Amino acid sequence: MDKLKKSPTETSKKVQIELVEKECLNRVFEWLSSQDPKKGEDEEDPKKKEELQKKITLNDLTRALRKMGCSPTKSEVKNMIWEVDDDLDEMISEEEFLTIYKRCISDETGLEPRKFFNLVQFLMYDKDFRGRVTVEETLQILFVRHGREQLDTEIEAIFGVDERQQDEEEKEITYQEYVEKVNERALQEQKKLLDDKRKGKLKGLQKED
């Protein structure tokens, strides 16, 4: 009897992340969870107030996205949180934050929800949280994640073929431009997966004939 497949969350527990990734993730989580200056003001219980301060709330995420140049609706932000919110408290804990990161970097199907992950990934590059990143700012994380062999491919996927602008300044992209790039790439990869599956089925049918 075949063993039951493990859930993505169970699988992600075995995913190892490098020290430099962990440091970046800690920085991003701290920034995201500190965007609402009024968070916890109405909470009388000190323990609950402390717990609340350690989570990313709707207001935190809304403010962060606005700083990235976006104008998200409430439902859009709620949907981003829903992707990550395993305990359904309408907030993102540090454990949930790390879990979605591991799930997405280990996902080979392209089916994991990635709206929140895309924001986190961009902020890992964007150390000053200014809403723009250069090629140089992405190199460390891309190298750790993909190795030297895939580095140029990953840079090209984000910035295009030319790494410099016409004035020879290093090319940089905004968060919104980055999201467009990664979404376009995800669609292309999904199409390739479907095409490969179809080809595999056709080969199987041909063998049967």
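The values are calculated or read from the model by the stated rules, or taken from the named source; none is laboratory data. Just so it is clear, the model here is predicted, and its values are computed rather than measured. Neighbour counts are summed over all protein chains in view; Cβ atoms, including those assigned to glycine, are modelled from backbone coordinates with ideal geometry. What goes into the accessible areas is simple: the full protein's heavy atoms, side chains included, and nothing from ligands, DNA or RNA. Shrake-Rupley method; radii C 1.70, N 1.55, O 1.52, S 1.80 Å.
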*Give me the pairs: first residue in the range 89-113 and polar (S, T, N, Q), second residue surrounded by 16 or more Cβ atoms within 10 Å (Cβ to Cβ), beta-carbon distance under 6 Å, and six or more apart or on different chains, which are they?*
Ser93/Lys55; Thr99/Ser12
*Please specify each residue of the range 85-107 satisfying the condition of being in a helix (DSSP H, G or I) and touching a helix residue (DSSP H, G or I) at 6+ places or on another chain (Cβ under 8 Å).*
Glu94, Glu96, Phe97, Leu98, Thr99, Ile100, Tyr101, Lys102, Arg103, Cys104, Ile105
*Give me the pairs, please: first residue somewhere in the range 127-149 and touching a residue at least 40 places away in the same chain (Cβ under 8 Å), second residue anywhere and part of a loop (DSSP other than H, G, I, E, B) and open to solvent by 90 Å² or more (accessible area, probe 1.4 Å), beta-carbon distance under 6 Å, and either six or more positions apart or on two chains.*
Val144/Glu18
*asked:* Restricting to the range 55-72, give me the number of residues that are under 21 Å from Glu95 (Cα atoms), open to solvent by 10 Å² or more (accessible area, probe 1.4 Å) and in a helix (DSSP H, G or I).
replied: 3
*Kindly establish whether Gly110 is within 16 Å of the chain's Cα centre (by Cα), among the small types (Gly, Ala, Ser) and assigned to a loop (DSSP other than H, G, I, E, B).*
yes
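Which members of the range 8-26 meet the condition of being touching a helix residue (DSSP H, G or I) at 6+ places or on another chain (Cβ under 8 Å) and either modelled with pLDDT of 90 or more or not in a helix (DSSP H, G or I) (or both)?
Here is the first cut: in the range 8-26, the ones touching a helix residue (DSSP H, G or I) at 6+ places or on another chain (Cβ under 8 Å) are 8-9, 11-13, 15, 17-18, 20-21, 24-25.
Within the range 8-26, Lys13, Val15, Ile17, Glu18, Val20, Glu21, Cys24, Leu25 qualify.
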*Among the residues of the range 73-88, which ones are among the aliphatic types (A, V, I, L, M) and touching a residue at least 12 places away in the same chain (Cβ under 8 Å)?*
Val77, Met80, Ile81, Val84
